[in-house]
Amino acid sequence: MATPTYITLDHGSGGLVSQELINTLFLKYLRCPQLRDLEDCALLDGFSGQLALSTDSYVVDPLFFPGGDIGKLAVHGTINDLAMRGARPIALSLALIMEEGFEIARLEQIIASVAAASEAAGVAVVTGDTKVVPRGKADGIFLNTSGIGAVEYRVFISATNARPGDAVLLSGSLADHGITIMTAQAGLAVDGDLRSDTQPLHRMVATLLDEVEDAVHVLRDPTRGGLATALCEIASSSKVEIEIDEECLPIRPAVSTACELIGLDPLYLANEGKCLVICSPEEQDRVLNIMRSVEEGADAVCIGRVRGERPGRVNLRTRIGGQRLLEPLTGQPLPRIC
């Protein structure tokens, strides 16, 4: 039988064609022993303490973009969701919804990327699922990844845990992912190297918690809705005021130029490889030094301070000395970004 070029409804039937796709493509790249057994559930041994569980779906358009693709994004996004609660990622699941007619060559690129990203992160895909829907009932391919992690630190990390006086730190530049996707969608060419910042953050978080566990109060990756929305969520959950300094915000020149060209605010654009760290002021310098000691946090900076005056508010101190109230993102200015 000739090797098919496109996904057909038979690939979602659960029968022989489905098994051939799994055996010849998925298991070619995803080699975890638990996955190769093809059981309905993976059994994981040797973990104790609290477990963390996260799930997310990925519908990015385009599927391949400078700096990454939907497969890499799915692996990194779920790993980072676990890391933001101080959990050490243990394993991932991968589920795909594919449209009839999707090219198998493109599917292979995506699975190869998933495999490379999970192997580099040291977090295996141990179980998965595929479904195929009729032509026109989806938009190519959607991915869902779930992740399980072990919480091995005694510190409680939560968006409810910011305290007046705390320092607000950011691990690197803003809006790289969001503006990369937006310009790719619009077909715009902008001078400078626009690339998604997608990367796993669990190793940086582990390094931080190993050294200064008690100093870290909040971790958050500012993905959809960007930095402004993430800060508003923290301010609301912790019942504090947060003030940030526009002069301290790290925005690459190419990103700034592209945002001005399109008319978008980088504070509201997605990041896929950056982390907010809210920590005790006494340990601010030490936390920054630890973050900067690893590649993922090499450009870490302090961008502001937590205050107690007006709970739930986020203020931006502008370059000219004024104040701007930041509110959560409303509407959907940047569709299909993750």
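FYI, it's all coordinate maths here, none of it is from the lab. From a predicted model like this one, the values you see are computed outputs, not experimental measurements. Here Cβ is always computed from backbone atoms with ideal geometry, including for glycine, and neighbour counts include all displayed protein chains.
Using 1/(1 + (r/R0)^6) with R0 = 45 angstrom and r between the beta carbons of Ala105 and Arg163, what's the FRET efficiency to the nearest 0.05? Approximately 0.30, to the nearest 0.05. Under 17 Å from a label point set 7 Å out along the Cα-to-Cβ vector of Arg324, the amide N atoms of segment 212-235 belong to 225-232.
Pairwise Cα separations in segment 9-151 fall into 5 Å bins from 0 onward with the following percentages, short to long: 2, 10, 20, 23, 21, 13, 7, 3, 1, 0. Between Leu170, Leu188, Leu25, the GNM of the chain built on Cα springs shorter than 10 angstrom shows Leu188 fluctuating the most. Of the residues Val155, Val287, Val205, the one with the fewest other Cβ atoms within 10 Å heads the list, and the complete ranking is Val155, Val287, Val205. If the segment from Asp299 to Thr257 were pulled out straight at 0.36 nm per residue, it would be longer than the present Cα-Cα gap by 13.1 nm.
Exposure proxy for Thr198, Thr3: other Cβ atoms within 10 Å of each Cβ, ordered fewest to most, give Thr3, Thr198. Across segment 167-326, counting alpha-carbon atoms alone, Rg and Dmax equal 15.5, 47 Å.
Taking every DSSP bridge with both residues inside the chain, close to 75 percent are antiparallel. Sorting Lys274, Lys72 by the number of Cβ atoms found within 10 Å of their own Cβ, with the fewest placed first, yields Lys72, Lys274. For the chain, a Gaussian network of Cα nodes joined below 10 Å ranks Ala228, Ala270, Ala184 by mean-square fluctuation, and the top entry is Ala184. Normalised by the number of residues in segment 9-151, the mean separation of alpha-carbon contacts (under 8 Å, six or more apart) gives a relative contact order of 39 percent. Each of Arg317 and Glu282 was given a label point 7 Å from its Cα along the Cα-to-Cβ line. The distance between the two points is 2.4 nm.
For a straight C-alpha distance cut-off of 28 angstrom, the lysines reachable from Lys72 (same-chain residues fewer than eight places away being disregarded) are Lys28, Lys131, Lys137, Lys274. Working from Cα pairs under 8 Å separated by at least six residues, relative contact order for the chain is 23 percent.
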